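Just so you know, all these numbers are worked out from the coordinates, no wet-lab data involved. Quick caveat, the model's predicted, so the values are computed rather than measured. Every residue, glycine among them, receives a Cβ derived from its backbone with ideal geometry; neighbour counts consider all protein chains shown.
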Amino acid sequence: TWAADTPKPDAPKTKLEQFSAKHGSLTLRASTEVAKMSWHKTGDLDFQQTFNEIKVEVVEIINPTENTRAYGLRFELSGKNSRKSISWLDADELPSLLKGIDYLLALDANVTKLASVTGFYRTRDGMEIQAVKGDESVFGVKASTGGFAVFEKDEAGLKKFRDAIVTAQTKIAEIKPE
């Protein structure tokens, strides 16, 4: 039946999560922080954000027994009341994510005759990069576990986030064997 093919809600969605979820084997996780971005105000926006900091790390998951490795990014969103959300991005998703961010940065509200348009890129993990264009513009990240971090009313925060992704992509290229 179709229900048998439906993944469980808590099932690992990314290769990094699948790699880390193996039972009965030794797993090593190496990481390097490539960016930490904070926002403490949303300007004059009347917006309830959950998170005000995003940390981006390059990760390498190693299984020394099987001599296998997986590469990608770990996003840690943190904020009010010590709430945290972790999202994972496999290295093979990086080019698509960058294209998605580029599209969101170029999003034109005139694509519709309605008051505003929302564009979003969703990762395998369920994290979303969002842009709302219209009378007021908002750019942010929605955590896969819920909650939202607003970058800025203008594109500067999303551009900074994109720069962090490019830095991470370069780091992975440096450490990943051919």
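Couple of notes before you dig in:
- Per-residue 3J(HN,Hα) values for the stretch 62-70, derived from phi via the Karplus relation 6.51 cos²θ - 1.76 cosθ + 1.60 with θ = phi - 60°, read 10, 10, x, 5, 8, 6, 10, 9, 10 Hz in sequence order (x marks Gly and Pro).
- Between ILE175 and GLN18, the FRET efficiency estimated from the beta carbon spacing at R0 = 22 angstrom works out to 0.65.
- The stretch 121-178 has equivalent-ellipsoid semi-axes of 26, 15, 8 Å, by the square roots of 5 times the alpha carbon gyration tensor eigenvalues, sorted largest first.
- Separation of the alpha carbons by more than 31 angstrom is noted, of LYS15/LYS160; LYS142/LYS176; LYS22/LYS133, for LYS22/LYS133.
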